[in-house]
Ligand SMILES: Cc1ncc(C[n+]2csc(CCOP(=O)(O)OP(=O)(O)O)c2C)c(N)n1
Ligand SMILES: [Mg+2]
């Protein structure tokens with residue numbers, strides 16, 4: 001059967017290069033399936049809609065193209081709301097297609113009848129319900145464009161079942177594309193160039209939008225030509241390879257303490273960046289759209305536009321700086337801090353310290369390995385220790401911080417990059433959100449290696465609650481739970497480790513198994529990630 005609105009929607013996806021749609025079945029979206037199958041667009045079916053949505057979001061983050069999830073009416077859609085909220089905060093293009101109860105009986109109480117738009121409107125850039133079959137293709141394309149137009153984000157379309165199944169012509173003619181980006185304002189560029197030329201201790205913070213704008217080469221030219229130290233966060237990691245002479249990570253606090261200029265490119269000035277307050281340092285904000293420029297911070301200057309174009313303009317406009325003393329100072333600090341990590345990375349303590357897991361994992365990681373973090377403290381250690389050398393290779397949940405991204409992101413990573421290592425770092429608490437979707441990894445033959453830092457607690461909550469209140473509640477999990485046996489029962493490979501010397505061999509066996517694998521490492525619940533105490 002073809003020629004219905006489901007086929008028209010599928011044809012829009014095909015014309016926009018969509019290769020895979022992440023889904024969990026429901027009758028309301030059968031017409032869409034029926035349109036996707038003959039077009040060769042893969043349907044990757046999961047065990048929970050949150051995984052479908054996280055997989056689509058992960059696909060976007062890995063490929064810089066819009067990921068698509070299709071979910072059924074009512075609960076199928078509401079199960080994707082957290083993902084849309086996260087994608088809207090992190091500016092990740094995402095299209096969620098929802099089923100919807102039939103329009104002809106709207107209000108009469110059909111199964112799963114629910115008006116999604118009021119719920120999803122605040123977490124999407126565009127949310128549409130086409131009520132005529134001939135409008136479905138137009139609305140799906142409009143949603144895709146809204147998702148892809150900077151600053152990007154999620155978009156949503158739900159189609160009533162009777163509309164989806166009604167006859168509709170296939171879209172024809174030119175495929176719509178997001179609007180051209182405007183060049184940065186020349187006066188903004190000049191002002192920032194003057195600040196840069198005058199700065200003695202400038203610091204660059206590179207965030208996700210450097211990646212989204214494909215500005216990694218421009219960033220490196222900028223850093224090299226002006227001798228600028230670059231730190232990165234979130235998806236900005238890897239935009240400058242960790243071993244680049246201008247790339248730093250451990251020296252961050254030293255750099256921010258002594259900096260006289262902080263130039264944040266493509267990242268919000270949020271909690272990860274001290275809300276844009278760096279003491280005496282002047283602050284410059286470079287964003288992909290004017291709306292992203294921080295209103296809460298005191299800025300010395302700002303510029304917006306295609307981030308690669310802004311950085312290239314700054315490289316051209318800024319008088320040459322020598323500045324290598326500053327780089328040398330930071331390099332010495334960076335190296336000393338890396339040296340001091342060695343003891344923890346090789347600690348023989350039992351119970352196992354989480355850092356030891358990284359001491360074993362890092363030498364086993366290939367340069368372009370994709371590392372995914374889903375958890376609390378265990379993933380904070382990943383953020384500290386894992387060096388990223390290629391763009392789009394370190395996935396964290398972003399500033400929204402939603403637990404449960406793990407299996408979805410891992411599914412997307414294995415699909416997007418079939419030949420690269422995919423390592424999923426899971427807290428034991430986080431594991432509970434998505435472990436059942438190891439079934440999806442097994443059914444679709446998507447081998448990834450998960451390492452579960454199993455401390456038997458919600459560590460990132462337990463330790464701070466102790467620190468603030470002197471006791472804790474609702475923060476304990478069962479010690480030693482065999483998450484590895486869960487994965488085995490689902491058809492994957494499982495390892496359980498409590499001896500530090502066995503971590504490395506277990507990781508090796510997990511990679512060699514060629515199956516979705518989980519290495520369950522029982523770690524010390526007393527080990528708390530050292531962070532400054534603050535509830536805000
Ligand atoms: C969906 C969701 N629920 C709750 C939280 C709050 N939260 C953040 S970290 C964390 C603890 C995570 O525990 P675990 O995954 O075991 O990692 P650990 O800190 O123990 O290493 C919790 C509950 C959250 N960020 N997201
Ligand atoms: Mg835990």
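Please report the relative contact order for the chain, taking Cα pairs under 8 Å with a sequence separation of at least 6, and give it as a percent rounded to a whole number. Rounded, it is 13 percent for the chain. Along each principal axis, taking the top coordinate minus the bottom one, the Cα set of the stretch 281-335 gives 38, 27, 19 Å in descending order.
Take every pair of alpha-carbon atoms less than 8 Å apart whose residues are at least six positions apart; their mean separation over the length of the stretch 402-478 yields a relative contact order of 30 percent. Counted over the chain, the DSSP beta bridges are approximately 5% antiparallel.
Across the chain, Cα-Cα distances exceeding 43 Å account for 20% of all pairs. For the stretch 357-473, what class follows from the C-alpha gyration tensor (a ≥ b ≥ c being the square roots of its eigenvalues): rounded when a/c is under 1.5, otherwise prolate if a/b is larger than b/c, else oblate? Because a/c hits 1.5 or more and a/b exceeds b/c, the stretch 357-473 counts as prolate. Here the stretch 1-60 is treated as a Stokes sphere of Kirkwood radius computed over C-alpha pairs; at 37 °C and 0.692 mPa s its diffusion coefficient rounds to 280 µm²/s. When each of the peptides 5-12, 134-141 is scored by the mean number of other C-beta atoms lying within 10 Å of its residues, the order from highest to lowest reads 5-12, 134-141.
Projecting label points 7 angstrom from Cα along Cα→Cβ for residue 300 and residue 187 puts them 2.0 nm apart. Using just its DSSP H runs of length 4 or more, each adding -39500 (n - 2.57), the chain gives a mean residue ellipticity at 222 nm of -11000 deg cm²/dmol after division by all residues. Just to confirm my numbers, what's the Cα centroid distance between the stretch 415-490 and the stretch 242-321 in Å? The two parts, judged by their Cα centres, are 34 Å apart. Averaging 1/r across all pairs of distinct Cα atoms in the stretch 1-134 and inverting the result yields a Kirkwood radius of 14.9 Å. For the stretch 463-521, just say rounded, prolate or oblate: build the C-alpha gyration tensor, square-root its eigenvalues into a ≥ b ≥ c, call rounded for a/c under 1.5, and beyond that prolate if a/b exceeds b/c, oblate if not. Taking the square roots of the gyration eigenvalues as a ≥ b ≥ c, the stretch 463-521 is prolate. Treating each Cα of the stretch 123-196 as one equal point scatterer and applying the Debye formula with no solvent, the log10 of I(q)/I(0) at q = 0.12, 0.15 Å⁻¹ comes out as -0.49, -0.63. Per the Debye formula with a single identical scatterer at each Cα and no solvent contribution, what log10 I(q)/I(0) holds for the stretch 381-536 at q = 0.14, 0.19, 0.20 Å⁻¹? Results for the stretch 381-536 at q = 0.14, 0.19, 0.20 Å⁻¹ read -0.72, -1.27, -1.37. Here the scattering of the stretch 169-324 is modelled by Debye summation over its C-alpha atoms, one equal scatterer each and no solvent; at q = 0.16, 0.18 Å⁻¹ the log10 of I(q)/I(0) is -0.79, -1.02.
Once you order the gyration tensor axes a ≥ b ≥ c over the Cα atoms, which shape class does the stretch 93-244 get: rounded for a/c under 1.5, otherwise prolate or oblate by comparing a/b with b/c? Prolate is the answer for the stretch 93-244, as a/c is 1.5 or above and a/b outweighs b/c. With N as its number of residues, the stretch 194-282 has a Cα radius of gyration that, divided by 2.2 N^0.38 Å, comes to 0.98. Taking label points 7 Å from Cα along the Cα-to-Cβ direction, residue 37 and residue 499 give a separation of 5.3 nm. Extension gain, residue 280 to residue 444, is 53.7 nm, computed as 0.36 nm per intervening residue step minus the present C-alpha separation.
Protection proxy ranking of 411-418, 299-306, 325-332, by the mean of other Cβ atoms within 10 Å over each peptide's residues and highest first, is 411-418, 299-306, 325-332. Here the calculated FRET efficiency for residue 244 and residue 348, from their Cβ-Cβ distance with R0 = 30 Å, stands at 0.35, rounded to the nearest 0.05. If you bin all the Cα-Cα distances of the stretch 369-419 at 10 Å, starting from zero, the percentages per bin are 25, 57, 18. Projected label points at residue 25 and residue 117, each 7 Å from Cα along the beta carbon direction, are separated by 3.1 nanometres. P(r) tail, the stretch 335-408: Cα-Cα pairs separated by more than 13 Å, 69% of all pairs. Over the stretch 390-442, Cα pairs under 8 Å with separation of 6+ residues give a relative contact order of 41 percent.
Just so you know, all these numbers are worked out from the coordinates, no wet-lab data involved. The model shown is predicted, which means the values in this text are computed figures rather than measured ones. With ideal geometry, Cβ positions are generated from the backbone for all residues, glycine too; neighbour counts draw on all protein chains shown.
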